[in-house]
Amino acid sequence: MSPDPNISDRMQAKKEVRRIKNLPTVPGIVAKISRMVENPDTSVADVGRLISQDQVLSAKVLRMANSAFFGMSRKISSISQALIILGFEVVKGLVLTSSVFDMIQKSMAGLWEHSIGCAAASGVIAAHLGRDDAEEVLVAGLLHDLGKVVLALNLPEEMKLVQDKVAEEDLYFYEAENKVLDFDHAEIGQWLAEHWNLPESLAEPMRFHHKPEKAVLKPEWTAIVHIADILVRAKGFGNGGDDMVPDISMAAWDILGLRKVDFLPILEKLEPKLSSLNDLTALN
Ligand SMILES: [Fe+2]
Ligand SMILES: [Fe+2]
């Protein structure tokens, strides 16, 4: 008797999970910063000095800190200043992003632009809602699709199959992933967040940005990133893997108490930001 094809498909998928679980290691500098802050004697200046030792990395972080993302009225000229003005978590997020920038660039054409566009939109939505954590939400937007990077780099053949399926069947990228792999980049994002010990505020938007109704620990951040992802697609900025612009989930509207009339001011603030993000499109 030949084996049930569904069973062999599932076994194959399980094997893939094991392969992809061989996730990239957390960038050394990020691990070092995390260890440093566990020590109560660590000062802002100590963390600033550590990051500044890597000049290329510091330059990338400062370019992001001074970009249209944050819209600072004065120039941030040192990492220590960025730590004081933007806060530790935001700078750590920017260090993480800068360290994996090459990986994002190599993984998929347009994904970096999609990521910075989603970050800008997340910041704009959070600011529109009057939140005082807009800078941190922005970092969650920046990293939301990191699972796609891991997929592209760890499972390039499957990535190609997913891309073919998107083109042939007009599917959302995550739908095609689920058909080919039985899991998607949002799940990979969750594995990566666990593996890297990322805070829940970054992990949950990675895991549930396509299903914000499932978020329990950071529903507002997840809903903001969900909407930001859709807005940046609607604006045609970058490439998230398919050309589709999904509907905003009802849950996201409810969680944030947003109404349709909120969108005009949000888009008005977002548009100039997107056009001035060009200086970040090649962060070399
Ligand atoms: Fe996604
Ligand atoms: Fe996305």
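Values in this text are rule-based calculations from the coordinates and carry no lab data. Just so you know, these numbers come straight off a predicted model, no measurement behind them. Neighbour counts are summed over all protein chains in view; Cβ atoms, including those assigned to glycine, are modelled from backbone coordinates with ideal geometry.
Data overview
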read-out: Entries in K148/K214; K160/K260; K211/K269; K92/K218; K179/K260; K214/K260 that, when Cα-Cα distance is taken, lie over 30 Å; value: K160/K260; K179/K260
read-out: For the chain, built as a Gaussian network whose Cα springs stay under 10 Å, the top-fluctuating residue of V100, V56, V26; value: V56
read-out: The chain - charge dipole about Cα centre, Lys and Arg +1 at Cβ, Asp and Glu -1, debye rounded to 20; value: 740
read-out: Burial ordering of K211, K60, fewest other beta-carbon atoms within 10 Å first; value: K211, K60
read-out: 5 Å-binned pair-distance histogram of the stretch 28-99 (Cα, whole percent); value: 3, 17, 33, 27, 12, 6, 1
read-out: Alpha carbon Rg of the chain, scaled by the compact-globule rule 2.2 N^0.38 Å; value: 1.01
read-out: Residue (of I255, L161, A193) at the positive-pole extreme of the stretch 144-272, dipole from beta-carbon charges; value: I255
read-out: Per-q log10 I(q)/I(0), the stretch 74-198, q = 0.18 Å⁻¹ (Debye; single scatterer per alpha-carbon; no solvent); value: -1.01
read-out: Convex hull of the stretch 155-284 built on C-alpha atoms - directionally averaged projected area, nm²; value: 9.3
read-out: Calculated log₁₀ intensity ratio I(q)/I(0) where the Debye formula runs over C-alpha points of the stretch 206-265, q = 0.13, 0.15, 0.18, 0.19 Å⁻¹; value: -0.32, -0.43, -0.61, -0.67
read-out: Ranking of I84, I188 by count of other Cβ atoms within 10 Å, fewest first; value: I84, I188
read-out: The stretch 242-282: projected area of the alpha-carbon convex hull, averaged over directions, in nm²; value: 4.3
read-out: Low-density loop positions, GluC sites (Glu not before Pro), the stretch 113-204 - DSSP coil, at most 12 other Cβ in 10 Å; value: none
read-out: Estimated FRET transfer efficiency (E169, R74; beta-carbon r; R0 41 Å; 0.05); value: 0.25
read-out: Modelled FRET efficiency - R0 41 Å, K160 with Q81, Cβ distances, 0.05 increments; value: 0.40
read-out: q = 0.14, 0.26, 0.29 Å⁻¹: log10 I(q)/I(0) that the Debye formula gives for the stretch 172-231, counting C-alpha atoms only; value: -0.37, -1.06, -1.15
read-out: Size descriptor, Kirkwood hydrodynamic radius, that averages inverse alpha-carbon separations across the stretch 133-211, Å; value: 12.9
read-out: Sum of -39500 (n - 2.57) over DSSP H runs of 4+, divided by residues of the chain (222 nm, nearest 500); value: -20500 deg cm²/dmol
read-out: Length added when fully stretched, A109-S43, from 0.36 nm per residue minus Cα-Cα; value: 19.8 nm
read-out: The stretch 16-145: radius of gyration and largest Cα-Cα distance (Dmax), Å; value: 15.2, 48
